[in-house]
Amino acid sequence: MIAWDERQSLGVDGDSLIYDGAVTQDAITELSDRLKDILEADIPDRKAQRNIFAVFVEMIENIYRYAPDGMGRLVISGRSGDIRISMSNAIANDQIERMTSRLGEIRAMSTDDIKARYKQKLREPQEATSKGAGVGFFEIARRGKGPISFLFEPLDDGQALFTVFTDVAVAR
Amino acid sequence: MENINIEATDRSPEVVFDFAANTFLIKGESYPEDVTTFYNPVLSALQEYLEGDGASAKSMFTFELVYFNSSTAKILMEIFDSLEEAAQAGASIHVTWCYDEEDDTMEELGEEFAEDLDAVTFELIVVEA
């Protein structure tokens, strides 16, 4: 059964929602439907609800498109009252340098620059293969508070575990 | 041209294109399984209209989106570019961008699309949630 591993209410410190498994279209539908209900119940701040949801969709769609084995991990957790959304999937080692450079660029941009670059990217043709940071990462960067964060952890077989996360501000 | 009437789903918007009345509506949420499969017929029909009756008619486009993903944003940009092109060539095109009062991101996104529209008239409207 495709479902979040639900541990505690969102907004509390710690890992609240975890999904670890195949990211299929059915999974995207099930997880997003359930997440909408959870956000409605646990996060009264409607702006935060929308931002969390938007980041989640971009992240899970990223895993769907780019994870070599179609598998990934999503974690939604509380961090001092704000909500952290993170995605992880395997990535070939030869992709690390390019992703580091592209995401590093976004990390260094101001919010205004991110919005401007996002708009430019909307007019670029759809990329058939991953050519670094697509529009999705710009969306994640604009919705989150603070710069987008990412890291790589070595795995076997010429792959690394690629993790991206950002925090969404939640009003008290 | 045959009207388009697509019902909303969890992940895709309601689309109502009335070619006789020259009114066009996209409403709801948009993060469909396959953006291309969903929007290609919509884009094709729009193109056909703008090259035909739409070139001389007075057209009203209403967008009432609660959420859309970045793939959809690309489609919206394509739609707005087509509308602007048609309007520059003489078509009368009005766009209404509706957003929830509390949703400043949706308001902002509307403003960003509006930036590149000169011949198309654009209106931002608050709607009750």
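All conditions in (1) crowded, with 18+ Cβ neighbours inside 10 Å; (2) within 14 Å of the chain's Cα centre (by Cα); (3) among the hydrophobic types (A, V, I, L, M, F, W, C); (4) away from chain A (no Cβ under 14 Å) hold for B:Leu124, with the sole exception of (1).
Considering the stretch A:46-72, the residues that are of a type in the set (Asp, Glu) and at the interface with chain B (Cβ under 10 Å from one of its Cβ atoms) include one that is surrounded by the most Cβ atoms within 10 Å (Cβ to Cβ), namely A:Glu58.
Select from the stretch A:105-115 the residues that are outside any helix (DSSP H, G or I) and either at pLDDT below 95 or small (Gly, Ala, Ser) (or both) and list them in ascending order. Scanning the stretch A:105-115 gives A:Ala108, A:Ser110. Any residue at all in the stretch A:116-131 that is aliphatic (A, V, I, L, M), at pLDDT below 95, over 25 Å from A:Met71 (Cβ atoms) and surrounded by 18 or more Cβ atoms within 10 Å (Cβ to Cβ)? Looking through the stretch A:116-131, at least one residue is aliphatic (A, V, I, L, M), at pLDDT below 95, over 25 Å from A:Met71 (Cβ atoms) and surrounded by 18 or more Cβ atoms within 10 Å (Cβ to Cβ). Considering the stretch B:1-48, and only residues there that are in contact with a strand residue (DSSP E or B) (Cβ under 9 Å, 6 or more places away or on another chain), of a type in the set (Gly, Ala, Ser) and not in a loop (DSSP other than H, G, I, E, B), the residue that is nearest to B:Asn69 (Cα to Cα) turns out to be B:Ser30. Take the residues in the stretch A:4-30 that are under 19 Å from A:Gly78 (Cα atoms), small (Gly, Ala, Ser) and outside any strand (DSSP E or B); name whichever of them is modelled with the highest pLDDT. Only one residue fits best here, namely A:Ser9. Residues in the stretch B:86-105 that are within 13 Å of another protein chain (Cβ to nearest Cβ) and either among the acidic types (Asp, Glu) or under 14 Å from the mean Cα position of the chain (by Cα) (or both): B:Tyr99, B:Asp100, B:Glu101, B:Glu102, B:Asp103, B:Asp104. Looking at A:Arg79, A:Arg98, A:Arg143, which one is within 14 Å of chain B (Cβ to nearest Cβ) and either in contact with an Asp or Glu (Cβ under 8 Å, 6 or more places away or on another chain) or under 29 Å from B:Glu78 (Cβ atoms) (or both)? After applying the criteria, what remains is A:Arg143.
Between B:Ala55, B:Ala114, B:Ala73, B:Ala119, the distinction of being among the aliphatic types (A, V, I, L, M) and more than 21 Å from A:Leu122 (Cα to Cα) belongs to B:Ala55 only.
If you filter the stretch B:55-69 down to residues that are more than 18 Å from B:Asp116 (Cα to Cα) and polar (S, T, N, Q), you find that the one that is modelled with the lowest pLDDT is B:Ser56. Checked against (1) among the polar types (S, T, N, Q); (2) out of contact with any helix residue (DSSP H, G or I) (no Cβ under 8 Å at 6 or more places or on another chain); (3) within 28 Å of B:Asp10 (Cβ to Cβ); (4) more than 9 Å from every other protein chain (Cβ to nearest Cβ), B:Thr72 passes all but condition (2).
B:Ala21 satisfies every condition listed in (1) free of Cβ contacts under 8 Å to residues at least 12 places away in the same chain; (2) under 30 Å from A:Phe53 (Cβ atoms) except (2).
The values are calculated or read from the model by the stated rules, or taken from the named source; none is laboratory data. Computed from a predicted model, the values in this text were never measured in an experiment. Because the Cβ atoms are built from the backbone with ideal geometry, glycine has one as well, and the counts that use them run over all protein chains shown.
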